[in-house]
Amino acid sequence: KYESQGHTAFSRTEEYEQYAADEKVTFIVVTEDAPLLEKFSVSDIAAQTASVNAHKGTQENTLNAVKAQAKNILGADMKMGFTYTIGTTGFSVETTYGNLSKLQAMEGVKSVYVAPTFSIPEDMGEQALSPLTANSSSMIGADVLNESGFTGKGMRIAILDTGILVSHPSFQAMDESKLVDPMTRDGVEKIWDDLHASEMTNMLNVSYKSNKIPYAFNYSNASFDVDNIYAGSEHGTHVAGISAANAVEGTEVKGMAPDAQLIVMQVFDAGGGAGWDTIMAALEDCILLEVDAANLSLGAAAGFTDPDDAMLETMNLFLE
């Protein structure tokens, strides 16, 4: 679980005091209803059992009522964002910081907090720390793991990062013999309408790239282009390679789980920022896609080092 390390360099109070009343921020509004992960297993949520759907109906009734209050109170001074039911019961809304007390006072609201934005570390010039791509796998013992016989076959690894170079040889389609109960094009299509990704675009679903990358979506700009050039960083490609680069003849590059499938979720935008509201939407989709592991390399938080309690609760639910 994520636990605060007791840092005091930036407190929520100090950070909030930096916001001007007319400054635009994104709030996460949390209601009293328990999120799905608090009551049900990942498999039940993904299968959308009768019990899950019944509870989700209760959540949606509450959320609709609270959102109606927000629209009535804030009027044109707001932009509604994502609606969450899996990791938290709530929604994101962009408005001016001065409206915080109004949102907190609404009936049915448990808490309201500013969604922090995580940023890619700035260019440090000659002091920049470049990824050691050539030996990063051996540095973490992947070469030893590769000799154990465990290849990641049947696993799905989500990479929430800066995108990926889809055309890289290490991420091309795998031999069908390396797949066990894989995510397929039809499988993604069946649940597409339930994903946050589908809410963000009215384009034809082309999230399936190959049996190595059966799902790829850019949550930062609502597109299917996850090329790392958009975010201006190859970090996502680097992380995906460490996690699951194919064993390709002629190169020593090999991921820890070379036979695993990669679920690519780009959350960093062209300005180098990844908002918690966007990250949480991607994480909820991870549950519906039944991923086995998700990697979040979020860099530095442009906010506080002690997350809001409601945010911490959500993070821990995804980690359990």
Subject >> Residue list for region 183-223, restricted to those being of a type outside the set (Ser, Thr, Tyr), crowded, with 18+ Cβ neighbours inside 10 Å and either assigned to a strand (DSSP E or B) or more than 15 Å from the chain's Cα centre (by Cα) (or both) >> reply: MET183, VAL188, LYS209, ASN211, LYS212, ILE213, PRO214, ALA216, PHE217, ASN218
Subject >> Enumeration of residues in region 34-51 that are in contact with a helix residue (DSSP H, G or I) (Cβ under 8 Å, 6 or more places away or on another chain) and either modelled with pLDDT under 95 or part of a helix (DSSP H, G or I) (or both) >> reply: LEU36, LEU37, GLU38, LYS39, VAL42, ASP44, ILE45, ALA46, SER51
Subject >> Of all residues making up region 21-39, the number that are open to solvent by 30 Å² or more (accessible area, probe 1.4 Å) and over 20 Å from the mean Cα position of the chain (by Cα) >> reply: 7
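Name the residue, out of LEU262, LEU289, LEU319, LEU296, that is open to solvent by 10 Å² or more (accessible area, probe 1.4 Å) and in contact with a helix residue (DSSP H, G or I) (Cβ under 9 Å, 6 or more places away or on another chain). Don't jump to the end; show me each part of the working.
Working: LEU262 fails: open to solvent by 10 Å² or more (accessible area, probe 1.4 Å); LEU289 fails: open to solvent by 10 Å² or more (accessible area, probe 1.4 Å); LEU319 fails: in contact with a helix residue (DSSP H, G or I) (Cβ under 9 Å, 6 or more places away or on another chain).
The match here is LEU296.
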Original post:
Could you give every pair whose Cβ atoms fall below 7 Å, whose first residue belongs to region 108-123 and is closer than 22 Å to GLU60 by Cα, and whose second residue is modelled with pLDDT of 95 or more and among the small types (Gly, Ala, Ser), counting only separations of at least 6 or pairs across chains?
Top reply: GLY108/ALA65; ALA115/SER92
Original post:
Taking region 18-33, which residues are touching a strand residue (DSSP E or B) at 6+ places or on another chain (Cβ under 6 Å), within 15 Å of MET106 (Cα to Cα) and in a loop (DSSP other than H, G, I, E, B)?
Top reply: GLU32
**OP:** Inspect all residues belonging to region 294-313 and state whether any of them is within 24 Å of THR85 (Cβ to Cβ), assigned to a loop (DSSP other than H, G, I, E, B), out of contact with any strand residue (DSSP E or B) (no Cβ under 6 Å at 6 or more places or on another chain) and of a type in the set (Asp, Glu).
**Re:** no
Subject >> Single unsatisfied condition, GLY149 versus (1) part of a helix (DSSP H, G or I); (2) over 26 Å from the mean Cα position of the chain (by Cα); (3) modelled with pLDDT under 90 >> reply: (1)
Original post:
Does GLY87 meet the test of being open to solvent by 30 Å² or more (accessible area, probe 1.4 Å), within 23 Å of LEU288 (Cα to Cα) and outside any helix (DSSP H, G or I)?
Top reply: no
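Out of region 165-182, which residues are assigned to a loop (DSSP other than H, G, I, E, B) and open to solvent by 40 Å² or more (accessible area, probe 1.4 Å)?
Of everything in region 165-182, those that are assigned to a loop (DSSP other than H, G, I, E, B) and open to solvent by 40 Å² or more (accessible area, probe 1.4 Å) turn out to be LEU165, VAL166, SER167, HIS168, GLN172, ALA173, ASP175, VAL180, ASP181, PRO182.
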Original post:
Is it true that ILE242 is open to solvent by 50 Å² or more (accessible area, probe 1.4 Å) and over 12 Å from the mean Cα position of the chain (by Cα)?
Top reply: no
Original post:
Which one is farthest from GLU176 (Cα to Cα) among residues in region 245-257 that are modelled with pLDDT under 90 and open to solvent by less than 50 Å² (accessible area, probe 1.4 Å)?
Top reply: GLY255
Subject >> Checklist (1) at pLDDT 95 or above; (2) open to solvent by 50 Å² or more (accessible area, probe 1.4 Å); (3) under 26 Å from ILE279 (Cα atoms) applied to PRO131, failing item >> reply: (1)
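If a residue has to be assigned to a loop (DSSP other than H, G, I, E, B) and touching a residue at least 60 places away in the same chain (Cβ under 8 Å) to count, how many in region 253-270 make the cut?
Summing the residues that are assigned to a loop (DSSP other than H, G, I, E, B) and touching a residue at least 60 places away in the same chain (Cβ under 8 Å) in region 253-270 gives 10.
The values are calculated or read from the model by the stated rules, or taken from the named source; none is laboratory data. Quantities reported herein were computed from a predicted structural model and do not represent experimental measurements. Note that each Cβ is placed from the backbone with ideal geometry, even for glycine, and that neighbours are counted across all protein chains shown. Heavy atoms of the whole protein, side chains included, go into the accessibility calculation; ligands, DNA and RNA do not. Shrake-Rupley method; radii C 1.70, N 1.55, O 1.52, S 1.80 Å.
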